[in-house]
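The values are calculated or read from the model by the stated rules, or taken from the named source; none is laboratory data. Just so it is clear, the structure is predicted and the values come from calculations on it, not from any experiment. Reconstructed Cβ throughout: ideal geometry from the backbone, glycine too, with neighbour counts over all protein chains shown. For the accessible areas, the whole protein counts, side chains as well, though only heavy atoms, and no ligand, DNA or RNA atoms are used. Shrake-Rupley method; radii C 1.70, N 1.55, O 1.52, S 1.80 Å.
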Amino acid sequence: MPVALFSSPSPPVLSYRQSAWLKGIALLIWAWLCLTFPVQARVLLRVGIAVNKPQVTLGSSTGARLLNAQGQPLAEVQAMQPLRATRSGAGVSLAGQQGQRLYLQPTSPDGLVFINQNWYRGLVELIPGENGVIAINQVGLDDYVSSVVGSEMGHRFPLEALKAQAVASRTYALYHRGRRSNQPFDLGDGVDWQVYKGVAAESSRTQAAARETAGQVLIHQGQLINAVFHSSAGGHTDDAGNVWLESLPYLQGVPDFDQNSPVFSWTATIPAQQIQQLASGIGAIRSVEVLRSSPWGRAMMLRLTGSQGSKDLNAGEFRRLLGLRSTMIAISPRGAATTTASLTPVTGSPPAFFEIQGRGYGHGVGMSQWGAAGMAGQNYSYQQILSHYYRNTGLALVEGR
């Protein structure tokens, strides 16, 4: 029977009614729920690993079964036997079997599957793509989270930081699951989603982070949040509305604790010609000016001025095109063009390059991973880390879906 819980740090059950019970009673109920309902085991994710490939190599660490779309066995597969999946007509083909949808499932509970060069927990689902075959890893939520924590943060950070990452990654996955209707899977495995490298990224510490936060997610007004995160904010995170189009009450700028980040400050030197290519028609580049910044110092709009005109460019696009670490930047012209014959500066000539002094790494919204490590190093709990970076949120226990 559903039981209402108090607010975080004692996680309530998602979608349960709020209650005015005393926190001590809520803590007892929370402990009872964790022992009684291991709900995270019922949540599966479908992660697109190899998408629209001419062929995909698959196999299992143990004996496995090849199943059709109805779950009926089609063939037995030996352990460590590599198989090639290809598109076949309107379906897929594997081990001499064809179908609109095929599954490769280890027969042993501790069996692993491999997709091309990487090992994964769970099973493999094969479907036809527009230009080839799509291999999808069906994996339990917290096995997925353990790998993502290792893929995104590693395992050397303090455990409380890893646990904060586990809750953020679990929330992010469930929030984004199925939101991109043009994709035939819940999530991808790359940086456009969150990085998932399978078993290779796991460790005992990432597994502990997933296990000790099992089923916990972040909510705002009873709904899952978009728990975005980044490497380092350079001293202060930013509002989502300053970086993207949508302002969100739980993604507001807060002081960061990332002073020990290796990318807290950095310098990049970019040839003037490379920047000039971003704005065709303006002539020889003369200057790059920050037109508008957020209150926390993150560039929002830039103006590139040349000998024949100027062009305004979104700072996020400028960062992407030049491969910069962040948009918390200051830009200065350096050097001067030289004549080919004398190699001496030409009076009034455009700069030879631009020096970009920057801070942080990533979009700067939500949780800073190096900041989480800094807070954990000061004995903050993962609950405190999460409430600092995700304002106006609480923890909840997700129900099996």
Residues being without any contact (Cβ under 8 Å) to a residue 12 or more places away in the chain and assigned to a loop (DSSP other than H, G, I, E, B) - total across region 188-236: 4
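So which of 306, 297 ends up being open to solvent by less than 70 Å² (accessible area, probe 1.4 Å) and either in contact (Cβ under 8 Å) with a residue 60 or more places away in the chain or under 29 Å from residue 397 (Cβ atoms) (or both)?
The unique qualifying residue is 297.
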The one condition in (1) without any contact (Cβ under 8 Å) to a residue 60 or more places away in the chain; (2) within 21 Å of residue 88 (Cβ to Cβ); (3) open to solvent by 10 Å² or more (accessible area, probe 1.4 Å) that residue 130 fails to fulfil: (1)
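Looking only at region 148-163, filter to residues that are in a loop (DSSP other than H, G, I, E, B) and more than 12 Å from the chain's Cα centre (by Cα); which one of those is surrounded by the most Cβ atoms within 10 Å (Cβ to Cβ)?
In this case the residue turns out to be 157.
Considering only residues of region 164-187 that are basic (Lys, Arg) and part of a loop (DSSP other than H, G, I, E, B), which is modelled with the lowest pLDDT? Break it down into steps so the answer makes sense when it comes.
So in region 164-187, the residues basic (Lys, Arg) come out as 170, 177, 179-180.
Going one step further and asking which of them are part of a loop (DSSP other than H, G, I, E, B), we end up with 177, 179-180.
On the way: 177: 91, 179: 84, 180: 79.
My answer is 180.
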Unmet criterion (only one of (1) farther than 19 Å from residue 241 by Cβ; (2) touching a helix residue (DSSP H, G or I) at 6+ places or on another chain (Cβ under 8 Å)) for residue 316: (1)
Within region 353-390, tally of residues that are in a loop (DSSP other than H, G, I, E, B) and either modelled with pLDDT under 95 or within 20 Å of residue 266 (Cα to Cα) (or both): 5
Which numbered condition residue 278 misses (of (1) more than 30 Å from residue 309 (Cα to Cα); (2) surrounded by fewer than 21 Cβ atoms within 10 Å (Cβ to Cβ)): (1)
Condition broken by residue 166, with the remaining ones in (1) among the aliphatic types (A, V, I, L, M); (2) under 17 Å from the mean Cα position of the chain (by Cα); (3) open to solvent by 10 Å² or more (accessible area, probe 1.4 Å) satisfied: (3)
Residue 47 farther than 25 Å from residue 381 by Cα, surrounded by 14 or more Cβ atoms within 10 Å (Cβ to Cβ) and modelled with pLDDT of 95 or more: yes
Cβ-Cβ under 6 Å pairs, at least 6 apart or on other chains, region 63-74 side without any contact (Cβ under 8 Å) to a residue 40 or more places away in the chain and farther than 17 Å from residue 122 by Cβ, far side open to solvent by 30 Å² or more (accessible area, probe 1.4 Å) and in a strand (DSSP E or B): 68/74; 73/65; 74/97
Positions within region 104-127 being among the charged types (D, E, K, R) and touching a helix residue (DSSP H, G or I) at 6+ places or on another chain (Cβ under 7 Å), in sequence order: 121
Residue in region 244-275 that is least open to solvent (accessible area, probe 1.4 Å), counting only those that are out of contact with any helix residue (DSSP H, G or I) (no Cβ under 7 Å at 6 or more places or on another chain), aromatic (Phe, Trp, Tyr) and assigned to a loop (DSSP other than H, G, I, E, B): 250
Of residues in region 323-333 being without any contact (Cβ under 8 Å) to a residue 60 or more places away in the chain and farther than 24 Å from residue 253 by Cβ, the one most open to solvent (accessible area, probe 1.4 Å): 323
